[in-house]
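Reviewing the structure listed below.
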Amino acid sequence: MSRLFSIFMIGLGGYFAYQNRYRLLNVLFGNAILRRVVVSSVMNFPGIRDRMMSSVFSSGTSDGRQ
């Protein structure tokens with residue numbers, strides 16, 4: 001019974017987190033220390049880092065934008 005209750009509570013918490021996801025992101029990125037930790041952890045993923053660097057430092061208009 002307690003396992004079923006735990007699964008239900010995790011699901012309920014996930015539902016409320018999804019409903020308030022933008023508010024949670026604003027709180028998360030509103031704090032400078034947390035923002036630095038989140039951005040540095042995301043930039044440790046090679047695929048995300050490469051995509052970000054190629055879009056920031058692109059040398060031409062290969063995708064049609066100027």
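Every number here is computed from the coordinates shown, using simple stated rules; none is lab data. As the structure is a computational prediction, the values presented were derived from the model and not from experiment. Every residue, glycine as well, gets a Cβ built from its backbone with ideal geometry; the counts of neighbours run over all protein chains shown.
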Here the tail fraction of P(r) beyond 19 Å, over all Cα-Cα pairs of the chain, rounds in percent to 62
Taking the Cα centre of the chain as origin and charging only Cβ (+1 Lys, Arg; -1 Asp, Glu), how large is the dipole, in debye to the nearest 20?
160
State the answer as a single residue: which of Ser40, Tyr22, Met52 lies farthest towards the positive end of the charge dipole of the chain, with beta carbon charges of +1 for Lys and Arg and -1 for Asp and Glu, about the Cα centre.
Tyr22
Quick one, could you list the DSSP H helices from the chain stretching 18 Å or more along their long axis (Cα atoms) with average Kyte-Doolittle hydropathy of 0.0 or above?
2-19
